[in-house]
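Colleague: Questions regarding the structure given below will be posed in turn.
Read-outs throughout are calculated quantities, based only on the coordinates presented, and are distinct from any laboratory measurement. Since we're looking at a predicted model, the values are computed, not measured. Here the Cβ is made from the backbone with ideal geometry for all residues, glycine too, and neighbour counts use every protein chain on show.
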Amino acid sequence: MKQLISFSFSLVLLFLHCTQTLSQPPNAAPAKAPAAATAPPPAATSAQASPPVMVPVQVSKGPVNVIKILQKAGHFAFFTRLIKSTQEDIQLFSQLNDSRDGVTIFAPTDGAFSAIIKSGVLNSLTDHQKIELVQFHIIPRILTTANFQTVSNPITTLAGSGNRFALNVITTENLVNVTTGLTNTSISAIVYTDSQLAIYQVDKVLLPLDIFAPKPPAPAPAPPKPKKDDGAESPMVPEDTSGSVICMVHNTLLMFGVGLVAAALPL
């Protein structure tokens, strides 16, 4: 009986010990240190210019066609329309497929043309001036981005050369700057390039001085010199006969007076 009581008492102590153990909260896991925030990449500043990007254009097989390339690239609708209306696409096709010199084109975007279209400048040009405007964007030889670093300025375009059609290219570390005297822009993308053709996107229309700069007024014509004709007769000056007339009147009156005196005397 004593053994049973002792065994029961042991079970009670064991039960109380287990209850206290279970009632204690488990040790809290050590808190993890917050992860260090990664520093964001430095924002690009205006001084860090981006090089021209490449526009992916897939050209179909066959002769190189500038119009199709620009249409597939997109956002060159105005420039494409101007090339076709001036029939410069025919000359481009001949230059690319019949010559080994190649062609370089500065293609203004639709946004570049919108400014001169809204202002009415483009519509005010003559047909000949529109042809010159398109030709001013075309160089009759291939120029890669590496060639721009060594090319001689001013560059000759299809429109001509000289101060009135001056086109200058200046390269920096990442930029190719294009200036005309009226326009200052840079190449923003490479639309297409191969061994014969290079098309570069520009965000402004290149305005040549010969078309858009005010021309100096023409000098006034010199007055005509008087012509000397030796055979011409000199004008006749009327002879002054007033003295003869007075003398004749005086003699007439004198004779009339003598006649009256003679008639009054008696015979």
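Colleague: Relative contact order for region 106-215 using alpha-carbon pairs under 8 Å, separation at least 6, rounded to a whole percent? Write down the numbers at each step before the final one.
Modeller: On the way: 176 pairs, mean separation 32.0, N = 110.
Computed over region 106-215, the figure is 29 percent.
Colleague: So which trypsin sites (Lys or Arg not before Pro) in region 94-130 are both in a DSSP loop and have at most 10 other Cβ atoms within 10 Å of their Cβ?
Modeller: 100
Colleague: How far apart, in nm, are the 7 Å Cα→Cβ label points at residue 97 and residue 194?
Modeller: Taking the two extended label points, one gets 1.2 nm.
Colleague: Moving to a separate point now. Report the label-to-label distance for residue 149 and residue 68 in nanometres (one decimal), using points 7 Å from each Cα along the Cα→Cβ vector.
Modeller: 3.4 nm
Colleague: Going 7 Å from the Cα of residue 141 along its beta-carbon direction, which residues of region 177-195 have the amide nitrogen within less than 18 Å of the resulting point?
Modeller: 194-195
Colleague: Still on this structure, I have one more. At a Förster radius of 25 Å, what calculated FRET efficiency corresponds to the Cβ-Cβ distance of residue 87 and residue 161, to the nearest 0.05?
Modeller: On the way: r = 22 Å, r/R0 = 0.89.
Working from the Cβ atoms, E equals 0.65.
Colleague: Next question. Restricting to DSSP loop positions (anything but H, G, I, E, B) with no more than 12 other Cβ atoms inside 10 Å of their own Cβ, which GluC sites (Glu not before Pro) remain in region 73-182?
Modeller: For GluC sites (Glu not before Pro) across region 73-182 that sit outside H, G, I, E and B with at most 12 neighbouring Cβ atoms in 10 Å, the list reads 173.
Colleague: Can you run phi through the Karplus equation (6.51, -1.76, 1.60; θ = phi - 60°) for region 149-156 and list ³J(HN,Hα) in whole Hz, with x for Gly and Pro?
Modeller: Couplings: 6, 10, 5, 8, 9, x, 8, 7 Hz.
Colleague: What relative contact order, as a whole-number percentage, does region 96-165 give when Cα pairs under 8 Å and 6 or more residues apart are counted?
Modeller: So the answer I get is 37 percent.
Colleague: In whole percent, what relative contact order does region 150-197 give with Cα contacts below 8 Å and a gap of six or more residues? If you can, show how the numbers build up before the last one.
Modeller: Working: 49 pairs, mean separation 10.5, N = 48.
The value is 22 percent.
Colleague: In whole angstrom, how long is each semi-axis of the equivalent ellipsoid of region 61-149, when you take the square root of 5 times every eigenvalue of its Cα gyration tensor and sort them from largest down? Show your work: numbers first, answer last.
Modeller: Working: eigenvalues 107, 42, 38 Å².
In descending order the semi-axes read 23, 15, 14 Å.
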